[in-house]
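Here's the structure, in structure tokens; my notes come after.
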Amino acid sequence: MMTHAGTGRFAVMVRWAVLGPGRIAESVAGDFSHVADGELVAVGSRSAERARAFADRYGIPRSYGSYAELLADDEVDAVYVATPHTWHVAHGSAVLEAGKALLMEKSFTATLAGAERVVGLARERGVFAMEAMWTRFQPAIVRLRELVADGAIGEVRGVEADLGAGRPFDPDDRLFSLDLGGGTILDLGVYVVSLAQMVLGNPTRVDVSGSLMATGVDGESSYLLSYGDGRSATLRAAFYPSPGAARVLGTKGWIDIPPRFHHPDRIVLRRPGSEPDEIVLPPASAGYSLEVDEVNRCLAEGLTESPTMPLDDTLAVQAILQQAADQIGVALTDHP
Ligand SMILES: NC(=O)c1ccc[n+]([C@@H]2O[C@H](COP(=O)([O-])OP(=O)(O)OC[C@H]3O[C@@H](n4cnc5c(N)ncnc54)[C@H](OP(=O)(O)O)[C@@H]3O)[C@@H](O)[C@H]2O)c1
């Protein structure tokens, strides 16, 4: 990491790499122009050609035709892993073993045991790791957390959320491949579950129903999280369209997170007897730069975990996702 030359600012310029330049990596790389204290310096793909083409598109100086070569680059501080879920344990562990900070796409892994392995490794090595749950860094969600903490809706009793995306069945697409961790649980369910976990904490009981597709992945998943004291979350994810709205309910009112709640530009505070209070807070970027900013800030402060997206929250979310897979009958595994 390099200190900003001549700015008089105590900050570091984090040297970033992309591992797995697929669909989401394109969006994240495109958002790097909004990242203040970090720059993309390298990309690694299983194909030298794909790595070079990606590097050319985003002005990245170094490209590698294997992940091992990328991780041997001493002038890379942090790696953004954007490969399919079932490869996250292998790729995330390799990043940590190379002593580099890890920002790993959601879902963090395909299984709870896999998440425990990666988290254990990060903690044992004292290396930074974070799940790329970009929702938590959106300004509207940050405001929602502040309002809830300030008691704006009284005591929080429940969360409702849905996230559906119309995805026609294609057995060749990662989304429908069991081997690559397809299905709604890891791709979309993680968002509704993470929102509920952020607001309500860890449930005492998880009841999930869903349907299986021909390839063994699920095409829809519905969750009832119970907290043993009457609090609950009702959540839904699907490969067919739905509004993608969420709502946090309290004893004195509620907060609506209008579609699409996983990267909202506003929230609406509603309290009986008062006019709805629409709080408009769009991100200045496409929204992906914010999670990168968080990693940069944590590294500058010498933190090994993000207080906003701590690894214990990632483990709690993975525990719910694992129960969802088990209850629906999706045989998810991590590649070693
Ligand atoms: N935050 C968000 O909004 C968001 C949105 C979409 C997806 N995601 C997450 O990002 C991750 C990747 O999703 P994606 O849609 O970008 O996937 P994708 O387009 O299929 O890209 C994944 C990339 O991983 C690499 N890869 C490594 N091993 C692979 C294997 N065995 N099979 C296929 N690809 C392999 C490939 O790049 P090379 O072969 O070139 O190395 C591929 O391009 C998932 O965890 C997903 O949930 C997040």
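Axis angle, to the nearest 10 degrees, between helix 311-328 and the longest C-alpha principal axis of the chain: 70 degrees.
Panel order for 262, 85, by other beta carbons found within 10 Å of each beta carbon, from fewest to most: 262, 85.
Extending 7 Å from the Cα toward the beta-carbon at both residue 226 and residue 251 defines two label points whose distance is 2.2 nm.
Taking the chain as the reference, fit the longest principal axis to its C-alpha atoms, fit the long axis of helix 190-200 to the helix C-alpha atoms, and give the angle between the two in degrees, 0 to 90, nearest 10. Result, in degrees: 60. Between residue 240 and residue 275, the C-beta separation translates, for a Förster distance of 56 Å, into a calculated FRET efficiency of about 0.95. In this calculation the C-beta distance from residue 285 to residue 69 is compared with R0 = 25 Å, giving a FRET efficiency of 0.25. Taking every alpha-carbon pair within the chain, the share separated by more than 31 Å comes to 32 percent. Each residue of segment 91-103 is assigned a 3J(HN,Hα), and the resulting list reads 6, x, 5, 5, 4, 5, 5, 7, x, 9, 5, 10, 10 Hz, derived from the Karplus form 6.51 cos²θ - 1.76 cosθ + 1.60 (θ = phi - 60°), x at Gly and Pro. Cβ-to-Cβ counts within 10 Å put 185, 153, 320 in ascending order as 153, 320, 185, the fewest first. Within the chain, DSSP assigns beta bridges of which about 55% are antiparallel (rounded to the nearest 5). Ordering 215, 251, 184, 86 by the number of other Cβ atoms within 10 Å of each residue's own Cβ, fewest first, gives 251, 215, 86, 184. Extending 7 Å from Cα along the Cβ direction at residue 212 and again at residue 327 yields two label points whose distance is 1.7 nm.
FYI, it's all coordinate maths here, none of it is from the lab. What you are looking at is a predicted structure, and each value in this text was computed from that prediction instead of being measured. Backbone-built Cβ (ideal geometry, glycine too); neighbour counts: all protein chains shown.
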